[in-house]
């Protein structure tokens, strides 16, 4: 079994986690830029953080045979902090980097006017830099936040197939599915989805344009809940090919739209393609 975790915060994880993940078949990850748990005090904090996401963390992951890419953004939690707003002007520098495969996490925390503005500006940057977008739905008022996110995405002009609306649940999946955007689900103890609930959603809504992630971070979380969900799928009667589609081919398809996804270092993995072409940047 091969697993590509499309949303995991490895900066907050240990080398033991990388060892366990590699042994379990987690061969590739995407790490979205996110809130670090306390307020950052200025743009320089983000510069150091983004540099680490694109330099140190891919190097650290490679020591364990895991391929690491990232998404970059001003996250919703800090989008309203005037100390952090200048980060929006720094983003173009990073959105041109080879290992950046989307703009994200963007979206809502409290659905304030400042968050509206940051969300809209970063969707425009995704269009300008020809990147997909990873959208965070709020933990509070999730249904309203999801509806508002879909409205803003539709108004932006970014094609829905280039957008993942993440952290969904049984209440919010339907409207996102109907919109044509990708549906994202975080398998996270207590506060988000569980493997059994995820299996039921896959039964009802199918396997197309769905991304399943662990979202593991500094909270009570588990970077192997992707594996647990894959095993739950098999136990429920899904095939090995179904599992490979959800946990490998789907994230490859979504992030390959960046033109920057490079999985050639994955040992034993079949050459991934997108629209019949190699996803290696500059390849044919």
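The values are calculated or read from the model by the stated rules, or taken from the named source; none is laboratory data. Computed from a predicted model, the values in this text were never measured in an experiment. As a convention, Cβ positions derive from the backbone with ideal geometry for all residues, glycine included, and neighbour counts pool all protein chains shown.
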Among the residues of region 268-279, is any in contact with a helix residue (DSSP H, G or I) (Cβ under 9 Å, 6 or more places away or on another chain) and modelled with pLDDT of 95 or more? no
Filter region 144-185 for residues that are buried (at least 19 other Cβ atoms within 10 Å of the Cβ) and out of contact with any helix residue (DSSP H, G or I) (no Cβ under 9 Å at 6 or more places or on another chain) and give the result. 145, 166
Would you check if there is a residue in region 105-115 being more than 16 Å from the chain's Cα centre (by Cα), crowded, with 21+ Cβ neighbours inside 10 Å and assigned to a helix (DSSP H, G or I)? yes
The conditions are (1) free of Cβ contacts under 8 Å to residues at least 12 places away in the same chain; (2) closer than 22 Å to residue 251 by Cβ, and residue 71 fails exactly one of them. Which is it? (1)
Just for region 78-94: of the residues that are in contact with a strand residue (DSSP E or B) (Cβ under 9 Å, 6 or more places away or on another chain) and surrounded by 22 or more Cβ atoms within 10 Å (Cβ to Cβ), which one is farthest from residue 257 (Cα to Cα)? 79
Scan region 128-143 and tell me whether some residue there is touching a residue at least 40 places away in the same chain (Cβ under 8 Å), buried (at least 22 other Cβ atoms within 10 Å of the Cβ), in contact with a strand residue (DSSP E or B) (Cβ under 9 Å, 6 or more places away or on another chain) and assigned to a helix (DSSP H, G or I). no
Being surrounded by 22 or more Cβ atoms within 10 Å (Cβ to Cβ) and free of Cβ contacts under 8 Å to residues at least 60 places away in the same chain is the filter here, so list the residues in region 11-42 that pass it. 18, 29, 31
Test residue 99 against the stated conditions and say whether it is surrounded by fewer than 19 Cβ atoms within 10 Å (Cβ to Cβ), in contact with a strand residue (DSSP E or B) (Cβ under 9 Å, 6 or more places away or on another chain) and either more than 26 Å from residue 140 (Cα to Cα) or without any contact (Cβ under 8 Å) to a residue 60 or more places away in the chain (or both). no
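Per-residue answers, yes or no, for (1) over 20 Å from residue 66 (Cβ atoms); (2) out of contact with any strand residue (DSSP E or B) (no Cβ under 7 Å at 6 or more places or on another chain); (3) assigned to a loop (DSSP other than H, G, I, E, B); (4) modelled with pLDDT under 95:
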{"site": "196", "(1), (2), (3), (4)": "yes, yes, no, no"}
{"site": "203", "(1), (2), (3), (4)": "yes, yes, no, no"}
{"site": "207", "(1), (2), (3), (4)": "yes, yes, yes, no"}
{"site": "218", "(1), (2), (3), (4)": "no, yes, yes, yes"}
{"site": "221", "(1), (2), (3), (4)": "no, yes, yes, yes"}
{"site": "229", "(1), (2), (3), (4)": "no, no, no, no"}
{"site": "233", "(1), (2), (3), (4)": "yes, yes, no, no"}
{"site": "238", "(1), (2), (3), (4)": "yes, yes, yes, no"}
Residue check, residue 261 farther than 20 Å from residue 67 by Cα, within 18 Å of the chain's Cα centre (by Cα), at pLDDT 95 or above and assigned to a loop (DSSP other than H, G, I, E, B): no
Among (1) assigned to a helix (DSSP H, G or I); (2) in contact with a strand residue (DSSP E or B) (Cβ under 9 Å, 6 or more places away or on another chain); (3) farther than 16 Å from residue 180 by Cβ, the one test that residue 123 misses: (3)
Under 6 Å by Cβ, and 6 or more places apart or on different chains, what pairs join a residue from region 173-185 that is at positive phi and at pLDDT 95 or above with one that is surrounded by fewer than 20 Cβ atoms within 10 Å (Cβ to Cβ) and part of a helix (DSSP H, G or I)? 180/160
